[in-house]
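Structure, as structure tokens:
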Amino acid sequence: MRLSTIKQNGREIAGIVTQTGIFPIEALNAAKGTAWKTELYELICAGQIPGLTAWYNAGGRGELESLPGVVPYDKVVYAPLYRNPPRIFGIGLNYVDHAGDLGESAPVGFPGSFYKPASCIAGPGDDIWIPALPEAKKTTAEAELGIIIGKPCKFIEEEEWLDYVVGYTTILDMTEESILRQNPRFLTLVKGFDTFLTFGPQMVTPDEVPDVLDLEVQSVHNGEVHAKNVVRNMTHKPSRLVSLISQMQGWLPGDILSTGTPRAFPIQDGDTAECRIYGPNGFEMEPLRNPVVDLKLHPSCR
């Protein structure tokens, strides 16, 4: 099953992805007399997505095609999947190729890591802002696989990691690299500018992904594939990351793990940044695309 958050009548509401459009959860409740939560973060925190997925796979998918209330794709305006995750945990230099871009080796033992504030979240199709600061001379974008945690956990083993994952998504993670090169201690600052994380437009439940290691992540710049790599080639694979962080501080429902990029690419005013994720047997996620606006050139956008 796939879920999105869309904008409707000034609100941001969760819906199920169908062949013809997005079916709002509130329309499903109205048609079926159910009481599913109507925002994606609430669905996650209430532990309702596994039950909703079971209904969908047991016949609900076909039933949705005959129920009233679907928002056709030409009317859909996507929002971020949700705006206030408890934590956004980023992993850096997790593919050897990307580490080489910065003249570093891929971290071993423990992953390179950082936090991003929820305030930096923007949605699919929203502008990515290159900062207005004169020191911001090279902003880069990074396509990444996002993992969304579905329930609290601590001290889990690697073989248990999927028990706590509620979905996967596409992510674009931005870095103000020219400032970072001044001092690596600036990492939190250069990762936290407004619009420096976009995610969505869809969350894919784990039943649709037989083996996450087979997924290919593509960094796409102005429609051209800049770099691509397979999750299997990560230095620290998802099972290791989820387990390791659970040993250190645990996970909360709605936490987002951004697993690292095949390679970053510089962006400038007028560009488009994109994350594409593919898998075997024709699997693909809905691409995440964002236009780029340089605030130094467009101060009215601030």
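The values are calculated or read from the model by the stated rules, or taken from the named source; none is laboratory data. As the structure is a prediction and not an experimental result, all values here were calculated from the model. No Cβ is skipped: glycine too gets one built from the backbone with ideal geometry, and neighbour counts run over all protein chains shown. For accessibility, only protein heavy atoms count, side chains too; no ligands or nucleic acids. Shrake-Rupley method; radii C 1.70, N 1.55, O 1.52, S 1.80 Å.
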query: Which of the residues that make up region 244-256 are assigned to a loop (DSSP other than H, G, I, E, B) and modelled with pLDDT of 95 or more?
result: Gly250, Leu252, Pro253, Gly254, Asp255
- prompt: In region 210-243, how many residues are open to solvent by less than 20 Å² (accessible area, probe 1.4 Å) and not in a loop (DSSP other than H, G, I, E, B)?
  reply: 11
- prompt: Restricting the search to region 263-298, which residues are of a type in the set (Gly, Ala, Ser), free of Cβ contacts under 8 Å to residues at least 40 places away in the same chain and closer than 18 Å to Tyr168 by Cβ?
  reply: Gly282
query: What is the number of the single condition among (1) open to solvent by 10 Å² or more (accessible area, probe 1.4 Å); (2) in a loop (DSSP other than H, G, I, E, B) that Ile156 does not meet?
result: (1)
- request: Give region 37-92 a look and list any residue that's under 21 Å from Thr169 (Cα atoms), open to solvent by less than 10 Å² (accessible area, probe 1.4 Å) and small (Gly, Ala, Ser), or say none.
  value: Ala79, Gly90
- request: Being more than 15 Å from Asn222 (Cβ to Cβ) and hydrophobic (A, V, I, L, M, F, W, C) is the filter; apply it to region 289-302 and report the residue that is least open to solvent (accessible area, probe 1.4 Å).
  value: Leu295
- prompt: For region 257-269, which residues satisfy the criterion of being under 18 Å from the mean Cα position of the chain (by Cα), part of a loop (DSSP other than H, G, I, E, B) and of a type in the set (S, T, N, Q)?
  reply: Thr259, Thr261
- request: Mind listing whichever residues of region 179-209 are surrounded by fewer than 22 Cβ atoms within 10 Å (Cβ to Cβ), in contact with a Leu (Cβ under 8 Å, 6 or more places away or on another chain) and either closer than 20 Å to Glu135 by Cα or without any contact (Cβ under 8 Å) to a residue 12 or more places away in the chain (or both)?
  value: Ile179, Leu180, Phe186, Leu187
message: I'm trying to understand the selection: among the residues of region 265-282, which are surrounded by fewer than 23 Cβ atoms within 10 Å (Cβ to Cβ) and not acidic (Asp, Glu)?
response: Phe265, Pro266, Gln268, Gly270, Thr272, Arg276, Tyr278, Gly279, Pro280, Asn281, Gly282
message: List the helices (runs of 4 or more DSSP H) inside region 1-88, counting only whole elements, that have at least 1 residues being of a type in the set (A, V, I, L, M, F, W, C) and touching a Gly at 6+ places or on another chain (Cβ under 6 Å).
response: 25-32, 40-45
message: Could you tell me how many of the residues in region 130-149 are of a type outside the set (Ser, Thr, Tyr) and surrounded by 23 or more Cβ atoms within 10 Å (Cβ to Cβ)?
response: 10
- request: Read through the list (1) in a loop (DSSP other than H, G, I, E, B); (2) within 23 Å of Arg276 (Cα to Cα), then give the number of the only condition that Glu142 fails.
  value: (1)
query: What are the residues in region 159-176 that are among the acidic types (Asp, Glu), touching a residue at least 60 places away in the same chain (Cβ under 8 Å) and either farther than 18 Å from Pro117 by Cα or open to solvent by 20 Å² or more (accessible area, probe 1.4 Å) (or both), if any?
result: Glu159, Glu160
- request: Just one of (1) in contact with a Cys (Cβ under 7 Å, 6 or more places away or on another chain); (2) surrounded by 15 or more Cβ atoms within 10 Å (Cβ to Cβ) trips up Gly250, so point out which.
  value: (2)
- request: Could you please let me know if Thr34 is touching a helix residue (DSSP H, G or I) at 6+ places or on another chain (Cβ under 9 Å) and in contact (Cβ under 8 Å) with a residue 12 or more places away in the chain?
  value: no
